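Working notes for the structure below.
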Amino acid sequence: MTKAIGSEARHDAVERARRFSPFLREALQARPELAECFLEEGSRAAIAAAQVEADGPLEVELRRARLGLALAIALGDLSGELELEEVTRHLSDFADQAIARALAAAVRERVADSEPAGIAVIALGKLGSCELNYSSDVDLLLLFDPARLPRRERDDSGEAAVRIARRMIEILQKRTADGYVARVDLRLRPSPEVTPIALPVNAAISHYESSALPWERAAFIRARAAAGDQALGRH
């Protein structure tokens, strides 16, 4: 639960962020309104303000939100207003939302007005257990149902899934003038050296039931459906 702190602790947090962290110093320059919100209303209000959706390209919006959210959370962290579990939860929740929006955009770019049915994003590692930190990669497994994946009339389902996955990853991790949203790591998927970045769900299940190594099974201790087709992901 968010702690009640005084004005002095908030001002001290802003000053330490400005003096000792180049990243937060740049964030304070880019999003000064969030520092003001934090000083006047606290970290909860600043976190909410950082995530207000804005008009413009999704790539720009997500990067601006990520920068603002990192600033708001860090100020709450430095001031002692946020517990560690709140810090990691806020960072993980934003990652989930960003992945979901990037996936939906990637699907719609290929098949207009389609929803991301038949394709699921499984979160593993720190994101899977909602313990993401400020600089964590997001470990993901992308699975699809060939019978339900939105695709163009002549598209092969496997090729369509890979193209959607590549576009989702580009939206999230391409570095632009506004930075990036998240670094994506897909190396926890089955046999990453030979398999495509998006796998048919039945093929993945067969792998885990028959030939998965112990560490691959252990990775699912912290797995959860994070974005896309939630029913498919939970299955």
What does the highest-first list of 163-169, 144-150 look like by mean Cβ count within 10 Å?
-> 163-169, 144-150
With a Förster distance of 22 angstrom and the Cβ-Cβ distance between Gln230 and Leu58, calculated FRET efficiency to the nearest 0.05 equals 0.60
Using only protein heavy atoms and a 1.4 Å probe, report how much of Ser136 is accessible, in Å² to the nearest 10.
-> 20 Å²
Share of carbon and sulfur in the accessible heavy-atom surface of the chain [1.4 Å probe, %] | 50 percent
Structure-derived volume of the Cα convex hull per residue in Å³ - corresponding label in (i) 206; (ii) 168; (iii) 132 = (iii)
Between Leu213 and Glu153, the two model label points (7 Å from Cα along the beta-carbon direction) sit apart by a distance in nm of 4.6 nm
Determine the per residue accessible area of the chain with all protein chains present and a 1.4 angstrom probe, expressed in square angstrom.
-> 51 Å²
Just add up the charged neighbours of Glu131: K/R +1, D/E -1, any other residue whose Cβ is under 9 Å from the Cβ of Glu131.
-> +2
Compare the Cα positions of Leu124, Ala226, Val14 along the charge dipole of the chain (+1 at Cβ of Lys, Arg; -1 at Cβ of Asp, Glu; about the Cα centre) and return the one farthest towards the positive end.
-> Leu124
Whenever you get a sec, line up Glu33, Glu40, Glu216, Glu59 from highest to lowest accessible area (probe 1.4 Å, protein heavy atoms).
-> Glu40, Glu33, Glu59, Glu216
Quick one: if you stick a label point 7 Å off each Cα along the C-beta vector at Glu170 and Val111, how many nm between them?
-> 2.0 nm
From the square roots a ≥ b ≥ c of the eigenvalues of the alpha-carbon gyration tensor of the stretch 65-158, which class results: rounded (a/c under 1.5), prolate (a/b over b/c), or oblate?
-> prolate
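The values are calculated or read from the model by the stated rules, or taken from the named source; none is laboratory data. What you see is a predicted model, and the numbers here were worked out from it, not measured in a lab. Note that we place each Cβ from the backbone using ideal geometry, even for glycine, and neighbour counts take in every protein chain shown. Side chains are part of the model used for accessible areas, which takes the heavy atoms of the whole protein and leaves out ligands, DNA and RNA. Shrake-Rupley method; radii C 1.70, N 1.55, O 1.52, S 1.80 Å.
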